[in-house]
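Chemist: Below is a structure I'd like to ask you about.
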Amino acid sequence: MAPTVEEDRLSETFAALANTTRRAILARLARGEATVNELAEPFDMTLPAVSKHIKVLERAGLVVRGHHAQYRPCALEATPLEEVSTWAEQYRSVWETRFDRMDDYIRKLQPSPRTGEHHD
């Protein structure tokens, strides 16, 4: 079965988010627009290397470039992140159930305040 357009987009978003540098760039853009030079500042890499990361983020739809005369700031585009959140949300009941079972198990391992023995 061929992946849907939505699945392809999710795959591209996850691939872009898999890199720590790209996640750091997105974290910076979450605070507001920035130029490529501003985005490159905290990294020990060349400007072309940072530009490649930004291009990956652009292809994934996570970053857009503005047009203000010669100034082309980058900005965060949150839609793909919302899609990831929606995708992950469908599994919420699964992980909540597992956390509840883990809590029950941990409580059973705790010594009883009266006897000092474990609950079984």
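Rule-based calculations on the coordinates, nothing more; no lab input. All of these numbers come straight from a predicted model, not from anything done at the bench. Here Cβ is always computed from backbone atoms with ideal geometry, including for glycine, and neighbour counts include all displayed protein chains.
Chemist: Given the criteria β-branched (Val, Ile, Thr) and in contact with a Pro (Cβ under 8 Å, 6 or more places away or on another chain), does residue 97 qualify?
Modeler: Answer is no for this residue.
Chemist: Only helices (runs of 4 or more DSSP H) wholly contained in the stretch 1-119 count here; list those with 1 or more residues that are surrounded by 13 or more Cβ atoms within 10 Å (Cβ to Cβ) and not β-branched (Val, Ile, Thr).
Modeler: So the answer is 5-17, 20-29, 36-40, 47-59, 79-89.
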